[in-house]
Amino acid sequence: MDFQRNDAMLMEILQDRKTITGFLDSIFGFLRRNTDFYHTKRDETDKIGFPEGVRDQILYGAMQRYDPDCWLQTMTAEDGTGDDGEEAPPAIEEITLESEDITPNEIINNVVTERKEKPIFSPCDYKNGDIFETHCWSQTQKDVELQVKLPEDMKSSKKLNILIKPQSIRVTSKLPPEVVILEGNLSQRIKHNEAVWSIDENKLIISLDKFKELWWERLFEGDPEIDHKKIECENYIDELPEGTQATLEKLRFDQIAADNAQKESQSSNPNQAATIERLRKAWDADGSPFKGQPFDPSIVRMS
């Protein structure tokens, strides 16, 4: 039977995309790229596409025809209509009979809303930066990472033109007609010769080194200014100047030595250990002059 061959091909797509949403993305992406399904007729002389609203009616009619709780599915089986749907009642008539409570447009709008609510970027993707509908960016004092959502049919580097200049970025499709995916003048200069980019699933990720080590107020000229109060400006020790690193390393070793000496003293002198434990409990007690300060018994004179 023809449906067995079709099922085998569709099952391969479903296994590749793993979810119903991914499967439907493949189907409708194919219709967009290879048919006039999404073309709306402008007038009677237009030879391709559908009149406005008919496409949605066809979709809803197809879903109804295979719904086990729908009268149309039962009627199709009784009439001996094949799975190819060539003899099924017209989709427009199906909608007229079965769409009193829910219109096709409401169903389509619900699907679009659900997909828009699905997060494309995670909070770590725009840390110390900002997020927009098609892209987001994050930053440290030294670098910027830009992530761009790619169209469904442009997830390969062979299909993209990526132009990175000292103060601008432009991402477009390689094949005509040219589609501009992202374009803008950067608010600050970058070391464009050291830029690195990669494609991860459906996102283009561009890593940029700043020309000057400073916090950017915005990525592109014209973007809203970010909230500087929310910038997390922690630095890793290896990002600090060598002199600062040496000082911190010395302080760390001094603290380790002091902790070891205190532990040895407590173990060799049980009475002193008990005294320090009482001091620890009284350190943050009400009326203590040391309340709120880090515990340091060395500043207390004990006899």
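One line per residue, one yes/no per condition, for (1) modelled with pLDDT of 80 or more; (2) surrounded by 11 or more Cβ atoms within 10 Å (Cβ to Cβ):
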| site | (1), (2) |
| --- | --- |
| 20 | yes, no |
| 44 | no, no |
| 73 | no, yes |
| 85 | no, yes |
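Please work out if residue 118 is under 30 Å from residue 187 (Cα atoms) and either modelled with pLDDT of 80 or more or of a type in the set (S, T, N, Q) (or both). Criteria not met by residue 118. Of the residues making up region 214-233, those that are outside any loop (DSSP other than H, G, I, E, B) and exposed (fewer than 10 other Cβ atoms within 10 Å of the Cβ) are 229, 230. Within region 128-180, the set of residues being more than 18 Å from residue 196 (Cβ to Cβ) and of a type in the set (A, V, I, L, M) comprises 131, 154, 175, 179, 180. Among the residues of region 174-184, the one identified as under 23 Å from the mean Cα position of the chain (by Cα) and surrounded by fewer than 12 Cβ atoms within 10 Å (Cβ to Cβ) is 180. Which pairs have Cβ atoms under 7 Å, sit 6 or more apart or on different chains, and link a residue in region 157-173 that is surrounded by 14 or more Cβ atoms within 10 Å (Cβ to Cβ) and at pLDDT 95 or above to one that is among the small types (Gly, Ala, Ser) and not in a strand (DSSP E or B)? These pairs meet every condition: 164/195.
The values are calculated or read from the model by the stated rules, or taken from the named source; none is laboratory data. Keep in mind the model is a prediction, meaning the values are calculated, not measured. All Cβ positions, glycine included, derive from the backbone under ideal geometry; neighbour counts span all protein chains shown.
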